[in-house]
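Below is one structure; the comments refer to it alone.
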Amino acid sequence: MIITTLPVTLISAIGGELGMNIADNPGCTRGFIIYHEGQEPGDAVSANIYGRYNERDGDYFYNYTTGAQNTKYYVKAYADIIGSRVYASNWESFTTGITIPTLVTKSAGDVTYYSAQLAASLETRTWGTHPDITSEVKASRRGFCWAYEGYPDIDDNVIEESGEFSYGGYQMALEGLESGQIHVVRAFAENPQGIGYGDRIQFTTGIPEIEIENVRAERNRAFMSIRLYGEITEV
């Protein structure tokens, strides 16, 4: 029996389609072993054993979907015959892609007449089901975009910071707002794959009873303009 590991196709952020070719098949079950960069071949584990015991020559495929993004993997096919295991003579390698960031926009806190405290969580974890993988796809920007309606994006009002950001929570203060207005907010983050947005949330700034519009000094006296809110019940 001759086994050949085929090049991996349909590569995604979490895996790809593994393939093998079997010639002179006397009847076997089939599978793959796989390990990622940073491990040794002896650390490889079975990706899957599948297929019924049969004698068909040809190509066999398995959709591997439990990998980590931005990680290089090595894969080798094998076949189990009664009492023994036969490996392919070759390894194939592939590197998984990355996905745009996934975010959760949290409820606004400490809402005042003119400001609010915003919070979000960058949920994209880069090592999938492999806790020993330490490579990360970091976001280069993160922040919040806001508007008065609709689904705000980075073409609307934005507060942000730049750097290298791993998964986890972050907070920012949104200031200089207009009182008595509904504000719609979405968290966002960007990595090399693109920009991801969280769900939108909204909050309404309060209305002060008295709003000072202007203060000026003239001949040792102070003058101010004020705006009153509410209903007039007596004059």
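Some notes on this structure:
- The one condition from (1) surrounded by 15 or more Cβ atoms within 10 Å (Cβ to Cβ); (2) in contact with a strand residue (DSSP E or B) (Cβ under 7 Å, 6 or more places away or on another chain); (3) modelled with pLDDT under 85 that Ile81 does not meet is (1).
- Odd one out for Lys76, checked against (1) modelled with pLDDT of 85 or more; (2) in a loop (DSSP other than H, G, I, E, B): (2)
- Taken over segment 148-162, residues that are outside any strand (DSSP E or B) and exposed (fewer than 14 other Cβ atoms within 10 Å of the Cβ) amount to 6.
- Residue in segment 91-99 that is charged (D, E, K, R) and either surrounded by fewer than 19 Cβ atoms within 10 Å (Cβ to Cβ) or at pLDDT below 85 (or both) present: no
The values are calculated or read from the model by the stated rules, or taken from the named source; none is laboratory data. From a predicted model like this one, the values you see are computed outputs, not experimental measurements. We place every Cβ from the backbone using ideal geometry, glycine too, and count neighbours over all the protein chains shown.
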